[in-house]
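Any read-out appearing in this document is the output of simple, stated calculations on the displayed coordinates, not a laboratory observation. Here the structure is a predicted model, which means the values were calculated and not measured. Neighbour counts run over all protein chains shown; Cβ positions are idealised from the backbone, glycine included.
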Amino acid sequence: MTVTHEVFNQPAPLADVNLFETNRPLQAALAFNAPGLDTTALRELGALAGSAEYQTHARLANVFTPQLKTHSRVGQRIDQVEFHPSYHALMRAAVGAGLHGAAFAPEARATGHAHLRRAAGFMLFTELEPSILCPISMSYAVTPALQGNAAIYGDWAPQLTSRAYDPALKVWRDKPGATMGMGMTEKQGGSDVRANTTHAEPAGEDAWGRRFVVTGHKWFFSAPMCDAFLILAQTASGLSCLFLPRVLPDGSLNAIAIQRLKDKLGNKANASSEVEFLGASAWLVGEEGRGVPQILAMGTLTRLDCALGTSGLMRQALSIALNHTTQRKAFGKFLIDQPLMKNVLADLALESEAATALALRLARAFDRPDDAHEAVMARLLTPVAKFWICKRGSHFAQEAMECLGGNGYVEEGGEGIMARIYREMPLNSIWEGAGNIMALDLLRAIRKADAAAALAHELAPAKGMHPALDHLAARLPLRVEEMATEMEARRLAQDVALAVQAALLAQTAPAAVFHAFCDSRIGGHWGHSFGSLSAGTEVDAILARALPR
Ligand SMILES: Cc1cc2nc3c(=O)[nH]c(=O)nc-3n(C[C@H](O)[C@H](O)[C@H](O)COP(=O)(O)OP(=O)(O)OC[C@H]3O[C@@H](n4cnc5c(N)ncnc54)[C@H](O)[C@@H]3O)c2cc1C
């Protein structure tokens, strides 16, 4: 073959790296939230999630997307989704690592850090493949809501907490493990679920309590191969939360017709469907007519996962950008040694570390529901973290992609991981309550809890460490107390997020990171794009901490 040129100056991909051991901000956040935490399992997961072998599974699961089979060859309705074997390999790994309901197993709860440890694992796995984490997240989050029906929870808890993954469509009692999803959104409304038209008629009572027959649809119904779902439907008393298994206790298929799979921007490995309920059987969970607060017990934890997931994606995008710029030369220097590129990368590193700190601090709150301060922080910081971290995600991904130049924009059969991250990023901001809904939820949280005092308490450890933070922290509790209007809700959510992130960095990060974060995000020494940190910023120290090796 004629040789036209030598290929050089093309960086080697980031592979076979332990994602836990190389993530200093993650380790610092864990040490802060749970000093002395046993991280053995996280190290193991970090090795798996960073391995070339599992990166290949992630690529294949995204390239060979789920396929819907509505009917068998001979015309029977089967309503099944077929996945590539790599999807199942990823699911098996995530369940095996306990990222689904295992955090609710008695032995995990006894550690006192079940949610925090699982949160760190969820972040690490997101760096491998985020879309399969949709059913994993729902299977984690469902427990507090499902406990509203003790009989069903008693029957299903062993499968939901088990580390065995079984994708078969079988009656739950014959399976070693099970997954669950949720169905709220309908065509006419997702944020305003009060508009739901799906209705449920009473059909007697059995071992699982009050049974209903459900007729209607769901416009978004992700991971339809889950074993069961919590859904909302109108009953005589109003919107109610119902448990809807795919296979009924007698082994027959429930009357759930999968109409089609969504053709999505990203999140390709995950099947998101549209479904119709044709007189499907479902059982009441919680109080009839109180379905929204009941299912929101699930929504709270999936919102935590949105913040964790975006933090994981930020870390992954940053790591890929650092990996590239430490190997690629332009104008006689490695890109990372060019002053303006240093500014961009350091700015991204600040954002990534702040997201990690806030998301893990929030996760800690769920380990201590009996602590009054932690309970307020869980309520307050869930919408704040979901709003702010996820809102920053797309901007972050675009800038990280640009660090790779044209290569960042290329998919090449799924090998272009940066392109996959970019397509995934907007999703965590949209589902589980879009940005405005989160900001408005913060206003509701403020109304109900003693938020101003709790916030002041949370920010106190950073007092006197940076004038801009002191200025913001002094005014924030007052703004919270005086209650922002709806028009101001996003601004309030942003400022609470920045203040809490800064206070956390004061306690977990080197001074260079903390000061640069406060100077830029709070003190105003910053432009409207990444890469506009002021000239005196200690970018080398910030980058040394962020490097993924
Ligand atoms: C890939 C994917 C998978 C999904 N999977 C599921 C699933 O498994 N189960 C499920 O139930 N749902 C699922 N969803 C649906 C998702 O949760 C909804 O799309 C989301 O909650 C928004 O609802 P909507 O699409 O009806 O938009 P709308 O409710 O119409 O909202 C549109 C916009 O208006 C804003 N808005 C709404 N009300 C107000 C207000 N009062 N003030 C200011 N702004 C407002 C919102 O913030 C949003 O930006 C999925 C969505 C996607 C994209």
Size of electric dipole in the chain: Cβ of Lys, Arg +1 and of Asp, Glu -1, about Cα centre, debye, nearest 20 = 280
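Pairs Lys170/Lys268; Lys264/Lys329; Lys69/Lys386; Lys333/Lys391: which exceed 32 Å Cα-Cα?
Those over the limit are Lys264/Lys329; Lys69/Lys386; Lys333/Lys391.
Nothing charged except the Cβ atoms of Lys and Arg (+1) and of Asp and Glu (-1): what's the magnitude of the dipole of the stretch 293-546 about its Cα centre? Round to the nearest 20 debye.
Dipole magnitude for the stretch 293-546 comes out near 80 debye.
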Value of relative contact order over the chain, rounded to a whole percent, pairs C-alpha under 8 Å and six or more apart = 15
request  = Provide the per-residue ³J(HN,Hα) series for the stretch 544-549, in order, calculated from phi with Karplus coefficients 6.51, -1.76, 1.60 and θ = phi - 60°, each as a whole number of Hz, with x at glycine and proline positions.
outcome  = 4, 6, 7, 3, x, 9
ask   = Got a sec? Charge dipole of the chain, +1 on Cβ for Lys and Arg, -1 for Asp and Glu; which of Gln507, Ala400, Thr40 is way out at the positive end?
value = Ala400
remark   = Protection proxy (average C-beta count within 10 Å per residue), highest first, orders 20-28, 343-351 as 343-351, 20-28
request  = Towards the positive end of the charge dipole of the chain, with charges on Cβ (+1 Lys, Arg; -1 Asp, Glu), say which of Leu476, Phe277, Ala357 has the farthest Cα.
outcome  = Phe277
Under Karplus coefficients 6.51, -1.76 and 1.60, residue-wise ³J(HN,Hα) of the stretch 369-384 in Hz, glycine/proline x = x, 8, 8, 4, 5, 5, 5, 5, 5, 4, 5, 6, 7, 4, x, 5
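Considering only DSSP beta bridges where both residues belong to the chain, give the percentage that are antiparallel (nearest 5). Before the final figure, lay out the partial values.
Details: 40 of 45 bridges.
Among the beta bridges of the chain, antiparallel pairing accounts for roughly 90 percent.
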note = Answer in debye to the nearest 20: the dipole magnitude of the stretch 24-172 about its Cα centre, from +1 Lys/Arg and -1 Asp/Glu charges placed on Cβ, is 140
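How would you classify the stretch 24-172 from its alpha-carbon gyration tensor, with a ≥ b ≥ c the square roots of the eigenvalues: rounded for a/c under 1.5, else prolate if a/b is greater than b/c, otherwise oblate?
Because a/c hits 1.5 or more and a/b fails to exceed b/c, the stretch 24-172 counts as oblate.
What does the charge add up to near Ser520, with Lys and Arg as +1, Asp and Glu as -1, over the other residues with Cβ less than 11 Å from its Cβ?
Values: positive: Arg521; negative: Asp347, Glu351, Asp519.
Within the 11 Å Cβ shell, the charges total -2.
By the gyration tensor of its Cα atoms, with a ≥ b ≥ c the square roots of the eigenvalues, what is the shape of the chain: rounded for a/c under 1.5, prolate for a/b over b/c, or oblate?
Oblate shape, in that a/c is at least 1.5 and b/c is the bigger or equal ratio.
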query = Using Cα pairs under 8 angstrom and six or more residues apart, how large is the relative contact order of the stretch 293-546, in percent?
reply = 25
note = Per the 1/(1 + (r/R0)^6) rule, R0 = 45 Å and r from the Cβ atoms of Glu488 and Thr111, FRET efficiency to 0.05 is 0.65
key: Amide H within-cut-off set for Thr179, under 5 Å, with H built and near neighbours excluded   = Asp227, Ala228
query = Once the other residues with Cβ under 10 Å from the Cβ of Val539 are scored (Lys, Arg +1; Asp, Glu -1), what is the net sum?
reply = -2
query = Residues with beta-carbon under 14 Å from that of Pro510, excluding Pro510: net charge, scoring Lys, Arg +1 and Asp, Glu -1?
reply = -1
Highest-first arrangement of 165-178, 227-240, where packing means the average Cβ count within 10 Å = 227-240, 165-178
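Can you give the FRET efficiency to the nearest 0.05 for Val7 and Asp192, using r as the Cβ-Cβ distance and R₀ = 45 Å?
Working: r = 55 Å, r/R0 = 1.21.
Between Val7 and Asp192 the formula returns 0.25.
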